[in-house]
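Report on the structure given below.
The values are calculated or read from the model by the stated rules, or taken from the named source; none is laboratory data. These figures come from a predicted structure and were not determined experimentally. FYI the Cβ positions are ideal-geometry reconstructions off the backbone, even for glycines, and counts take in every protein chain you see.
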Amino acid sequence: MVTVDAVFKALADPTRRQLLDSLRDKAGQTLTELESGLGMTRFGVMKHLKVLEEAKLVTSRKEGRFKYHYLNASPIQEVADRWIAPYQKPFARFALDLKNQLESSVPMADKPNFVLETYIRTTPQALWDALTRPELTALYYYGTRIDSALKRGGPFRYLTGDGQVMLDGEVIEVEPLKKIVSSFIPSWAENSQPTLVTFAIEPMGEVVKFTITHHDYEKANAGIDTGWPVVVAGLKTLLETGKPLNLPTSM
């Protein structure tokens, strides 16, 4: 589990904050790219990345011979919700505006450009239920209820209380208790194009690692970088406390 001390320790160093800024501006960078932007040795960058990865502020994915690094908003969101939201102060969003472009040499299917992971003290079954049961999604997913039979090619939609489609999609792949891959078409966004989202569940002892990856998220034109951290914070709170996370609506 990530501790608040680990997050604050990681953020205390200006070089590590610069690394997070770099990944905020361009997600999915290799070690070589991060090294060139800092003007320090490769070993030095690796040491700082290790601290950030231990605090779960940076996550990485290896594809072929390349390892790509991503800013992970979840721990910072959790700190904000714990220390700021209860006092009705503006949220400390350190992971907003994750605008980036995929390198032309890397296929889209191999490199998502938004990755968010968190660790939840729960079971795979409880997390799966929270992701797939309408009465539970309504408690953390902006009041919407999931509408899906979880069959490949079938719908994967979220409906408002009056039955309107808030988020449309289709099941691309499903592995019970492990993974859901779906298309993502937000009804509230203008000029939105279908994008691809994966929910991944990985048991790790007494906790479960939950990861969201989103390919070409900027094409959805739907505030993905701010929306997903709020959804995940609500999901984590619900599973760990049994109560919805009531966030202040004023910013």
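Of the numbered conditions (1) modelled with pLDDT of 95 or more; (2) under 22 Å from residue 245 (Cα atoms), residue 177 fails exactly one; give the number of that condition.
The number of the failed condition is (2).
Can you say whether residue 106 is modelled with pLDDT of 80 or more and either closer than 23 Å to residue 197 by Cα or touching a strand residue (DSSP E or B) at 6+ places or on another chain (Cβ under 6 Å) (or both), as far as the supplied structure shows?
Working: modelled with pLDDT of 80 or more: no; either closer than 23 Å to residue 197 by Cα or touching a strand residue (DSSP E or B) at 6+ places or on another chain (Cβ under 6 Å) (or both): yes.
So residue 106 fails the test.
For the stretch 196-211: of the residues being within 24 Å of residue 153 (Cα to Cα) and of a type in the set (Val, Ile, Thr), which is farthest from the chain's Cα centre (by Cα)?
201
Scan the stretch 1-40 for residues that are in contact with a strand residue (DSSP E or B) (Cβ under 6 Å, 6 or more places away or on another chain) and surrounded by 13 or more Cβ atoms within 10 Å (Cβ to Cβ) and jot them down. Show your work before the answer.
Of the residues in the stretch 1-40, the ones in contact with a strand residue (DSSP E or B) (Cβ under 6 Å, 6 or more places away or on another chain) are 1, 20, 23-24, 27-30.
Result: 20, 23, 24, 27, 28, 29, 30.
Hey, can you tell me all the residues within the stretch 143-156 that are within 19 Å of the chain's Cα centre (by Cα) and either assigned to a strand (DSSP E or B) or of a type in the set (Lys, Arg) (or both)?
Scanning the stretch 143-156 gives a single hit, 146.
Residue by residue, here is whether (1) free of Cβ contacts under 8 Å to residues at least 40 places away in the same chain; (2) assigned by TED's automatic domain parsing to the domain that holds residue 74; (3) touching a Pro at 6+ places or on another chain (Cβ under 9 Å) holds:
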| site | (1), (2), (3) |
| --- | --- |
| 154 | yes, no, no |
| 161 | yes, no, no |
| 167 | yes, no, yes |
| 199 | no, no, no |
| 213 | no, no, yes |
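Do we find a residue being without any contact (Cβ under 8 Å) to a residue 12 or more places away in the chain and part of a loop (DSSP other than H, G, I, E, B) anywhere in the stretch 170-182? Before you say what the answer is, go through the steps one by one.
Start the filter on the stretch 170-182 by keeping residues that are without any contact (Cβ under 8 Å) to a residue 12 or more places away in the chain, which leaves 175.
Retained after the next criterion (residues that are part of a loop (DSSP other than H, G, I, E, B)): none.
For the stretch 170-182, residues without any contact (Cβ under 8 Å) to a residue 12 or more places away in the chain and part of a loop (DSSP other than H, G, I, E, B): absent.
Could you please give the count of residues in the stretch 192-226 that are polar (S, T, N, Q), more than 25 Å from residue 122 (Cα to Cα) and either touching a helix residue (DSSP H, G or I) at 6+ places or on another chain (Cβ under 9 Å) or assigned to a strand (DSSP E or B) (or both)? Give the steps one after another, and end with the answer.
Applying the first criterion (polar (S, T, N, Q)) to the stretch 192-226 yields 192-193, 195, 198, 211, 213, 221, 226.
Pick out the ones that are also more than 25 Å from residue 122 (Cα to Cα) and you get 192-193, 195, 221.
With either touching a helix residue (DSSP H, G or I) at 6+ places or on another chain (Cβ under 9 Å) or assigned to a strand (DSSP E or B) (or both) added as a condition, the list becomes 192-193, 195.
Residues in the stretch 192-226 being polar (S, T, N, Q), more than 25 Å from residue 122 (Cα to Cα) and either touching a helix residue (DSSP H, G or I) at 6+ places or on another chain (Cβ under 9 Å) or assigned to a strand (DSSP E or B) (or both): 3 in total.
Surrounded by fewer than 16 Cβ atoms within 10 Å (Cβ to Cβ), modelled with pLDDT of 95 or more and closer than 18 Å to residue 182 by Cβ, is that true of residue 133?
Details: surrounded by fewer than 16 Cβ atoms within 10 Å (Cβ to Cβ): yes; modelled with pLDDT of 95 or more: yes; closer than 18 Å to residue 182 by Cβ: yes.
The answer is yes for residue 133.
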